[in-house]
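These notes are about the structure you will find just below.
Derivation of every value follows stated rules applied to the coordinates shown; laboratory data play no part. This is a predicted model, so every value here is computed, not measured. Please note: Cβ atoms are built from the backbone with ideal geometry, for glycine as well, and neighbour counts cover all protein chains shown.
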Protein chains: 2
Amino acid sequence: MTPARTGRHDREHIVSVALDLLDRFGLPDLTMRRLAAELDVQPSALYWHFSSKQDLLAAVAERILSRIGAPPEPGTTVSLPDAARRIRDALLAYRDGAEVVMSSAALRPGPSRAHDLLLAALDEDAAAATAVLQFVLGHTLIVQQRMHAESHGAAAPPSADSPVDQDVFATGLALLSRGAGRSAVSQG
Amino acid sequence: MTPARTGRHDREHIVSVALDLLDRFGLPDLTMRRLAAELDVQPSALYWHFSSKQDLLAAVAERILSRIGAPPEPGTTVSLPDAARRIRDALLAYRDGAEVVMSSAALRPGPSRAHDLLLAALDEDAAAATAVLQFVLGHTLIVQQRMHAESHGAAAPPSADSPVDQDVFATGLALLSRGAGRSAVSQG
DNA sequence: ACCTGAACACCGTTCAAGT
DNA sequence: ACCTGAACACCGTTCAAGT
């Protein structure tokens, strides 16, 4: 049942190893050469499976987003905070997940798991769904970047008065979902 | 009045040239070696003025954010959409501006021009100010990344149904400012 | 079909040495 | 004080050649 596999590695396997490397060492250390070494292969071998590093990262991003899961059945309802949290959690599941997703063109508006989920939570308001997605991405990107900075030593202590990340996320969602549900925004 | 300047270049001048390079060629082409060449200097010379590329980029980010301008006098009022737009416009003023600001630690919560401006517009609600800042950054980052992708050829046409960027930004701000002004969010 | 070997054109950073 | 010269340890990518 598995498709023909004559070579040692196929795309799915390579993406898995890349994801493992990403989570262990972070995006700056996810290089084609390190990935090749991890696969016991020459760097040039990767270019048989992927046309470029961008191509590879796009596949990694798609895999990260797959954690969001299936969009709700038509007729089912999803709350905005639930939808947003599912997306954030998928991005947080791997180190630098938000940056990988952001850097790949995986978020071209339209067909994306994340966007579809938000559309269902926002009554098919495309502009609102995109805006919420941008908030979730911006939030997670900053959170993960600060993690990376803290682990690398050079980070001021959380500055005491700085609201905790969860507060910020909850506040953003509260503002956004309070605003939603009114009619004037984009329903004309 | 100008401080002692015996060498050919000081930090401010180098940042100006870096900003020019950034705007003309984008962040991936803003390398220490190209910057040095532009300054008619060896790459190693830059390390007299900046301890690392990160250090240089932090200075560039600060310069980008300086476009936001002074925070409002105490007592003056700023609307949330106005504040958010001033920040977005500063980021949009240079190619890849949002990415540079994001990658530098210039947005450690607390003392930042952007955060202060939003605090004034949001009645000193720190969590709300941070959330709005994350939306503005996420939005601008995606917009500029798509610009970069489009100029590089490999971009699907705006997909027709995809809401225009300004609509998305306006919708996000509308949701956020409709949510604000209520008491329950963080005033306890 | 899938991979090796070797090369090309780059990177950021360090450090002795010059002026 | 400020910069050069040379090196170190890397990058992504291409391409002929092997199997």
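Points to keep in mind about this one:
- Modelled FRET efficiency - R0 41 Å, A:Arg63 with B:Val17, Cβ distances, 0.05 increments: 0.55
- Structural descriptor for region B:1-134: relative contact order 24 percent, calculated from alpha carbon pairs under 8 angstrom and at least 6 residues apart.
- Loop-located trypsin sites (Lys or Arg not before Pro) in region A:1-99, at most 15 other Cβ atoms within 10 Å (DSSP): A:Arg5, A:Arg8
- Measuring from the axis that maps chain B onto chain A, the chain B residue with the nearest beta carbon and its rounded distance in angstrom come out as B:Gly138, 1.
- Cβ neighbours within 10 Å from other chains - mean over A:121-127: 3
- Distances between equivalent label points of B:Arg8 across the copies, with each point positioned 7 Å along Cα→Cβ, amount to 4.9 nm, shortest listed first.
- Distance between the pseudo-spin-label points of A:Ala45 and A:Thr77 (7 Å out from Cα toward the beta carbon): 5.4 nm.
- FRET efficiency, 1/(1 + (r/R0)^6) with R0 25 Å, evaluated for B:Asp89 and B:Asp123 via beta carbons: 0.60
- Ranked for footprinting exposure by Cβ neighbours inside 10 Å, fewest first, B:Val101, B:Val164, A:Val132 give B:Val164, B:Val101, A:Val132.
- The local environment of A:Arg85, defined by Cβ-Cβ distances under 13 Å, has a net charge of 0 under the rule Lys, Arg +1 and Asp, Glu -1.
- The residues A:Ser44, B:Ser104, when put in order of fewest to most other Cβ atoms within 10 Å, stand as A:Ser44, B:Ser104.
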